[in-house]
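Student: Below you will find the structure I want to go over with you.
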Amino acid sequence: MFHDRTSPAETWPFDHLIATLLKQFKRPLAAHGVTLTDAEAQQIGQAVAARQSSDETVARVRAALVEVIAESEAVLARWGLSFAESLQTGVDALPGWESTAEFLALAEEKANAEIRIGAGAALLAALGDLRYANYLFQQIERAPDEVEAIIARRVLFFVTGMDAGTPAGLEQARQWLNRRAIT
């Protein structure tokens, strides 16, 4: 029997999901001067889930995540790709590799950039910064059953308060975000 790798993303309590994502960003955040202990990540996750106002630590995390996403966008831009284009482009279509080792290094660099952008956008949205919310929709549209899309969907429904159980929920979340961007 195969293990369903999406199950935790679908079933974890929201605070645990956010804390886990923060823990996965420890090194990129530290590279931008933000160090979080596991306990701090859990506290942030709990505060987010409880919709409590953010503190100075959360503001520093948000600022660092914006920088991490910008760096990852720059990685993709070297190949002339936006995030959405990168999700649609196979590594074999990228220039700059001849050997298997070069191909694997390129694949790792591309995948890391995509993960940091997608997961970073989800964390930012959960932490109250919606500037990259469109990336969440792009992940969902690209591969709705992948872990990244499941996380994106959960964050969008949490942030917007739309009902995940309705077929129109995702479109309602998009409309909510569009209205919010206008005001």
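The values are calculated or read from the model by the stated rules, or taken from the named source; none is laboratory data. Since the structure is predicted, the reported quantities are computational estimates derived from the model, not experimental observations. When we count neighbours, we look across all protein chains shown, and the Cβ atoms used for this are built from the backbone with ideal geometry, even at glycine. Just so you know, the surface numbers come from the protein's heavy atoms only, side chains and all, with ligands and any DNA or RNA stripped out. Shrake-Rupley method; radii C 1.70, N 1.55, O 1.52, S 1.80 Å.
Student: How big is the dipole moment of the chain about its Cα centre under a simple scheme where the beta carbon of each Lys and Arg is +1, that of each Asp and Glu is -1, and everything else is neutral? Debye, nearest 20, please. Don't jump to the answer; show the numbers that get you there.
Tutor: Details: 17 positive and 24 negative charges, 119 e Å.
Here the size comes out at about 580 debye.
Student: Kirkwood Rh over Cα pairs of the chain into Stokes-Einstein at 20 °C, 1.002 mPa s: D in µm²/s? Write down the numbers at each step before the final one.
Tutor: Details: Rh = 17.2 Å.
D = 125 µm²/s.
Student: Something else now. Of all alpha-carbon pairs in the stretch 70-153, indicate the percentage at a distance above 22 angstrom. Please list the in-between numbers first.
Tutor: Details: 867 of 3486 pairs.
Taking all Cα-Cα pairs of the stretch 70-153, the fraction more than 22 Å apart is 25 percent.
Student: Okay, moving on. Any idea of the accessible area per residue across the chain, 1.4 Å probe, to the nearest Å²? Let's see the in-between values first.
Tutor: Working: 10000 Å² over 183 residues.
Value returned for the chain: 55 Å² of accessible area per residue.
Student: Just the number, please: carbon plus sulfur as a percent of the accessible area of the chain, 1.4 Å probe, no ligands or DNA/RNA counted. Intermediate values should be presented prior to the final figure.
Tutor: Working: 5140 of 10000 Å².
For the chain, the apolar C and S fraction of the accessible surface comes to 51 percent.
Student: Follow-up question, since we're still on this one. So what is the relative contact order for the chain, in percent, with contacts set as C-alpha pairs under 8 Å and at least six apart?
Tutor: 19
Student: If you don't mind, there's one more thing I want to ask. At what distance in angstrom do the alpha carbon centres of the stretch 7-29 and the stretch 134-182 lie from each other?
Tutor: The stretch 7-29 and the stretch 134-182 have Cα centres spaced 18 Å from each other.
Student: Around Arg62, under 14 Å between beta carbons, what's the net of Lys plus Arg minus Asp minus Glu among the other residues? List each step's numbers first, then the result.
Tutor: Numbers: positive: Arg60, Arg131; negative: Asp55, Glu56, Glu67, Asp129.
Residues near Arg62 contribute -2 overall.
Student: About its Cα centre, what dipole magnitude does the stretch 1-93 give when the only charges are +1 on Lys and Arg Cβ and -1 on Asp and Glu Cβ, stated in debye to the nearest 20?
Tutor: For this selection, approximately 120 debye.
Student: Next question, about the same structure. Enter the accessible area of Arg142 (Å², nearest 10), with the probe set to 1.4 Å and all protein chains included.
Tutor: The accessible area of Arg142 comes to roughly 110 Å².
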